[in-house]
1. Which of the residues spanning region 67-106 are surrounded by 12 or more Cβ atoms within 10 Å (Cβ to Cβ) and of a type in the set (S, T, N, Q)?
2. Which residue is farthest from ARG59 (Cα to Cα), if the candidates are limited to region 142-192 and must be among the hydroxyl-bearing types (Ser, Thr, Tyr) and touching a Lys or Arg at 6+ places or on another chain (Cβ under 7 Å)?
3. Filter region 335-366 for residues that are in contact with a helix residue (DSSP H, G or I) (Cβ under 7 Å, 6 or more places away or on another chain), among the aliphatic types (A, V, I, L, M) and part of a loop (DSSP other than H, G, I, E, B) and give the result.
4. Identify, from the list THR388, THR357, THR325, THR319, the residue that is within 19 Å of LEU180 (Cβ to Cβ), surrounded by 15 or more Cβ atoms within 10 Å (Cβ to Cβ) and at pLDDT below 95.
5. What are the residues in region 361-383 that are within 23 Å of ALA349 (Cβ to Cβ), in contact with an Asp or Glu (Cβ under 8 Å, 6 or more places away or on another chain) and not hydroxyl-bearing (Ser, Thr, Tyr), if any?
6. Restricting attention to region 255-295, which residues are surrounded by fewer than 24 Cβ atoms within 10 Å (Cβ to Cβ) and of a type in the set (Asp, Glu)?
7. Can you find a residue in region 177-200 that is farther than 24 Å from ARG421 by Cα and surrounded by fewer than 18 Cβ atoms within 10 Å (Cβ to Cβ)?
Amino acid sequence: MKCKNVPLSLLKVGAILSSPIIDPVDSRVKLLAEGTVITDDFMRLLASRRIETVVLNQRDIAILFAFTPQGRRKKVPPPPAYIQSRKANDFSDALDSLVEDGGELSLTEGERSLSDEFVKPAGCAYANGLTIQWANESDKRIEYVNEFFADTAEKGANIGPLRITCAELLDRLVEDQDALVCWACAPYESDYPSRHGLHLAALAMAIGVEMGLGRTDLTELGIGCLMHDIGMHEVGLNMFDNAGPLVHGQLVRLADHPVKAIDIAGRFGNEISNLARFVIYQLHERGDGSGYPRGLTAESIHPLAKIAAVADAFIGMLTTRKHRTAIQGYYAVVNLLDEMKVGKFDPAAIRALLKATSLYPLGSRVTLTGHKIGRVIRSGGTDFVMPTIEMWDEDYPDRPPEIVNLKESPAYQITGSVPARAA
């Protein structure tokens, strides 16, 4: 796993790192053993030694940057001209037949919406210690998903860890939906596809909450998101190693991976429902027929797959890739709105995304009127440009932030998006 030097200021009290911190002067000395909690005393020790940087692996950097979006770029590169797959198997044929017959493109009937089970916190910061706790727990969950993928490759996996993961995400949605969405909107580029799948599942489930879905549909949506890229292991993850655009042969393999994924999902029999299978198989389809593997149009795409498609495109733009840095959240939202206008994405899912994360997505740094700077921490619901923010004066950035609900503070308005600092 790649390592890099990071400034001492990025270390967070409460973080649990997977690798030791080594003395930069004497590499034989461990300043902090792996699996040990970073404490105030340890931070003082580093300061007393005048240590300014430490070497960390990507997984540990991801823990420290949880809840901190990496977007620095404004322009979204145009997508490639996707092609359709010629591959098929018994499980893809079964779903294709359901689509052709016009059946089963529906949601669970009569289920209570999860949004009826909780009241979203408003006008306040996240609970003390919540962000670092969730960052540590999410890293462990990514390890479980990695193990699931490895076991699946050996045809010995159990779907249980994915259901446990989705149950945990449901609990987090109930505890603090805004905090979970903020975490989801700050993906780091390591541990693909497990980390990508977990961020995708969290955001897709939050979008589903805003669309009134209940626990059953949200769970199947989450399982589909976690598994959707499992076919990439068979077509080759290394196709993304190059900094340039994908060439024809790579696009062929890319188009095949949902077909491979649904074949793998078929090994689990009734443990994976058709709801989850449609997400796995159709997530990369687009309403205007420009997606893959089958080039379906909107009426043939399952509602859960439409939600997952929006979340996947959004998380993809927010993630640093070999050929580009991550896109700033505001510009990623604008790109989705533009693509919705030409029929690629479902308008209801886009609106639900905006309700979940605002026009300036949760975690984004913004400028405001009155020489203020801020960080978006709570969505404004249907008031897409009026979230709740932590706000500082530009001239005094070290002072404690003020929590401001822009709905209740007309004197302040967001004037722009601020690019993230480099990780």
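1. THR68, GLN70, GLN84, SER85, ASN89, SER92
2. This residue is THR165.
3. Across region 335-366, the qualifying residues are LEU359, LEU362.
4. Exactly one residue qualifies, and that residue is THR319.
5. Correct list: LEU362, ARG378.
6. ASP256, ASP263, GLU271, ASP288
7. No: zero hits.
To keep it simple, each residue is scored yes or no on (1) closer than 22 Å to GLU137 by Cα; (2) aromatic (Phe, Trp, Tyr).
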| position | (1), (2) |
| --- | --- |
| PHE42 | yes, yes |
| LEU46 | no, no |
| GLU52 | no, no |
| PRO69 | yes, no |
| LYS75 | no, no |
| ASP90 | no, no |
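The values are calculated or read from the model by the stated rules, or taken from the named source; none is laboratory data. All values reported here derive from a predicted model rather than from experimental measurement. Virtual Cβ from ideal backbone geometry, glycine too; neighbours counted across all protein chains shown.
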